[in-house]
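Read-outs throughout are calculated quantities, based only on the coordinates presented, and are distinct from any laboratory measurement. All values derive from a computational prediction rather than experimental measurement. Every residue, glycine as well, gets a Cβ built from its backbone with ideal geometry; the counts of neighbours run over all protein chains shown.
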């Protein structure tokens, strides 16, 4: 059964980030209605609960890890990745 799932993320800065996240998650199977809230730093979508782990993995690979899951060098690397994703989101 599909439900609404919300994930708090790190490194969400602007509309470019939002565009990249929406494009990246919308391409995944079994995900619908992706909404990014810059103010709350959240991603919300409609899907089966078992897809949550795949979504957090995808977000992490794009530089937007689940809030509080990375520290130190890993957090710095994710932040750098988010700048690249953001730039791509601004272009597309």
So the pair-distance distribution of the chain, from every Cα-Cα distance in 5 Å bins, comes to percents of 3, 15, 28, 26, 17, 8, 2, 0
Taking R0 as 35 Å and r as the Cβ-Cβ distance between residue 50 and residue 80, the FRET efficiency 1/(1 + (r/R0)^6), rounded to the nearest 0.05, comes to 0.70
Rounded to the nearest 500, the 222 nm mean residue ellipticity computed for the chain from DSSP H runs (n ≥ 4, each -39500 (n - 2.57)) alone is -15000 deg cm²/dmol
A student applying the Cα gyration tensor rule (rounded when a/c is under 1.5; otherwise prolate if a/b is larger than b/c, oblate if not) would label region 34-76 oblate
Distance in Å, no decimals, from the C-alpha centre of region 57-92 to the one of region 1-24 is 11
Tilt, helix 15-26 to longest principal axis of the chain (alpha-carbon atoms), in degrees rounded to tens, equals 40
